[in-house]
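The values are calculated or read from the model by the stated rules, or taken from the named source; none is laboratory data. All values reported here derive from a predicted model rather than from experimental measurement. Heads up, the Cβs are rebuilt from the backbone with ideal geometry, glycines too, and the neighbour counts pull from every protein chain shown. In case anyone asks, the SASA skips ligands and DNA or RNA and just uses the protein heavy atoms, side chains included. Shrake-Rupley method; radii C 1.70, N 1.55, O 1.52, S 1.80 Å.
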Amino acid sequence: MTRADDKLNVLILAAGLGTRLRPLTSEIPKPLVRVYDKSILEIQMERAKSLGDVRLHANAHYLADQIVSEGERLGFEKVWVETPEILGTAGPLRRIYAAGYRGGLLIMNGDAYCNFDLGAFVRNARNRCDVALLAVNFPKVNTFRVGADGRLAGVVGRFGATEGVSATFSGISWYSDEALARIRDGEFDIREFWKQEIAAGRAPFVDMSQLHATWIDMGSPEGLMAAVEARLAECGRDKNEAVVEPGVVIPDGVKIAHSVIFKGAEIQPGETIENEIRGRGFVWKV
């Protein structure tokens, strides 16, 4: 069945293993970790809905049942469970297209706290090309090499040019139906598809108009704390305040500042907690 109308499809990638945030992610997938008031999955969903009437998709693999349940609660069109093996960064796109969904596909990450003008990005993408990649300036990474024509020329360590303007892939991308049709069955790494597109004279457009927008990889304790600070600021709160997950009981006399407390954290009466993330079985100094 082909679902052809004006609705844009949005896929939030949520199948990762969350290994860098264990043991926090031993019981909950990273896209469902609360960042102050909501999970990244819900925050990304709200960002996507700013585009209007869209079809929301997510993929899931690790602790997939939790992603499926949350997707149902949030009104997703579908959560695509990947089993027994994860499908990488290209397989999920091909799967949605093969199922008959049309209208283009916007990709968002379920492990990055970001705040982009998605409407501007999608408009630019539709006017320019079949594949568009949104870039940020993150010097520690900056593996993209962008040519004078604004197109992807190479990815350092993978393929293509080593010269050109440097940038980092934000994880936000857009694919036309025509591009999705060219992703081969069994394709795993989307970077291989980009390489094929360059070889065919269809290099992806790299949108450099939002290089300095908020973009935080929350795959580490430091990144998680930075994401919490950014969310607090976005919500008009003091970024140094304590964030305590609902259901956590704080003993008498405890003082907490610039810290995040998750369920299961061990807290002693009268303790002072500062610059920490605590949960079941761990204390991270940040």
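Quick one: check the C-alpha center-to-center distance for the stretch 163-189 versus the stretch 235-286, whole angstrom.
40
Restricting to DSSP H runs of at least four residues, report the calculated mean residue ellipticity at 222 nm for the chain, -39500 (n - 2.57) per run over all residues, nearest 500 deg cm²/dmol.
So the helix-based figure for the chain works out to -7000 deg cm²/dmol.
By what distance, in whole Å, do the Cα atoms of the stretch 61-128 stretch along each of the three principal axes, largest value first?
38, 27, 22
Specify the inter-centroid distance of the stretch 206-234 and the stretch 10-76, based on alpha-carbon positions, in whole Å.
That distance is 16 Å.
For the stretch 46-205, give the percent of accessible area contributed by carbon and sulfur heavy atoms, probe 1.4 Å, rounded to a whole number. Kindly include the intermediate steps, with their values, before the conclusion.
Working: 3320 of 7010 Å².
Percent of accessible area from carbon and sulfur atoms in the stretch 46-205: 47.
In percent, what relative contact order does the chain have, based on Cα pairs under 8 Å that are 6 or more apart in sequence? All intermediate terms of the calculation are to be shown ahead of the outcome.
On the way: 571 pairs, mean separation 50.6, N = 286.
For the chain, the relative contact order is 18 percent.
So what is the accessible area of the chain per residue, in Å², with the probe set to 1.4 Å?
45
So for the stretch 1-153, averaging the separation of alpha carbon pairs under 8 Å that are six or more residues apart and normalising by length, what relative contact order in percent results?
The normalised contact order for the stretch 1-153 reaches 31 percent.
Where the accessible area of the stretch 212-253 is counted over protein heavy atoms with a 1.4 Å probe, how much of it, in %, is carbon and sulfur?
Carbon-and-sulfur percentage of accessible area, whole number: 49.
Tabulate in residue order the Karplus-calculated ³J(HN,Hα) for the stretch 186-198, using 6.51 cos²θ - 1.76 cosθ + 1.60 with θ = phi - 60°, rounded to whole Hz; enter x for Gly and Pro.
Residue by residue, the stretch 186-198 yields x, 5, 10, 9, 4, 5, 5, 5, 4, 4, 5, 5, 4 Hz.
How much length is gained if the chain between SER50 and ARG128 is pulled fully straight, taking 0.36 nm per residue apart and subtracting their Cα-Cα distance, in nm to one decimal?
That works out to 25.9 nm of additional length.
Provide the percentage of antiparallel DSSP beta bridges, counting only those with both residues in the chain; round to the nearest 5.
Details: 27 of 52 bridges.
Restricted to the chain, the bridges split so that about 50 percent are antiparallel.
May I ask for the Kirkwood hydrodynamic radius of the chain, worked out over all distinct Cα pairs and given in angstroms to one decimal?
Evaluated over the chain, this radius sits at 20.0 Å.
I need the Debye-formula profile for the stretch 117-240: one equal scatterer per C-alpha, no solvent, reported as log10 I(q)/I(0) at q = 0.18, 0.19 1/Å, two decimals.
-0.99, -1.07
What residues have an amide H closer than 5 Å to that of ILE273, excluding those fewer than 5 places away on the same chain, when H is modeled at 1.01 Å from N in the peptide plane?
Excluding prolines and chain starts, which carry no amide H, the hits are LYS255, ILE256, ALA257.
May I ask for the angle, rounded to the nearest 10°, between helix 40-49 and the longest principal axis of the chain, with both axes built from Cα atoms and the value confined to 0 to 90°?
That helix lies at roughly 50 degrees to the long axis.
Along the charge dipole of the chain, Cβ charges K/R +1 and D/E -1, which of PRO251, ALA64, VAL141 sits furthest on the positive end?
Positive-end residue among those listed: VAL141.
Which cross-chain or sequence-distant (5 or more) residues have an amide H under 5 Å from the amide H of CYS114, H modelled 1.01 Å from N in plane?
Under 5 Å from the amide H of CYS114 lie the amide H atoms of ILE216, each far enough along the sequence or on another chain.
Could you run the Karplus curve 6.51 cos²θ - 1.76 cosθ + 1.60 with θ = phi - 60° over the stretch 204-214 and give me ³J(HN,Hα) per residue in whole Hz, x for Gly and Pro?
x, 6, 10, 7, 9, 7, 10, 4, 10, 5, 5
Using label points projected 7 Å from each Cα along Cα→Cβ, tell me how many nm separate ARG158 and VAL249, to one decimal.
Simple spin-label model gives 4.9 nm for this pair.
Taking only Cα atoms, what is the 0 to 90° angle, nearest 10, from helix 64-74's long axis to the longest principal axis of the chain?
The answer is roughly 90 degrees.
For the chain, modelled as a Gaussian network with Cα springs under 10 Å, which listed residue fluctuates most, MET208, MET218, MET45?
MET208
Quick one: of LYS49/LYS239; LYS38/LYS78; LYS140/LYS255; LYS78/LYS239; LYS49/LYS285; LYS30/LYS285, which pairs are farther than 28 Å apart, Cα to Cα?
Working: LYS49/LYS239 26 Å; LYS38/LYS78 20 Å; LYS140/LYS255 35 Å; LYS78/LYS239 35 Å; LYS49/LYS285 35 Å; LYS30/LYS285 19 Å.
Beyond 28 Å: LYS140/LYS255; LYS78/LYS239; LYS49/LYS285.
From a point 7 Å beyond the Cα of GLU274 in the direction of its Cβ, which residues of the stretch 223-245 have a backbone N at a distance under 15 Å?
Output list for this probe position: 240-242.
Can you work out the Karplus-derived ³J(HN,Hα) for every residue in the stretch 116-124? Use 6.51 cos²θ - 1.76 cosθ + 1.60 with θ = phi - 60°, whole Hz, and x for glycine or proline.
After applying 6.51 cos²θ - 1.76 cosθ + 1.60, I find 10, 7, 5, x, 5, 4, 5, 4, 4 Hz.
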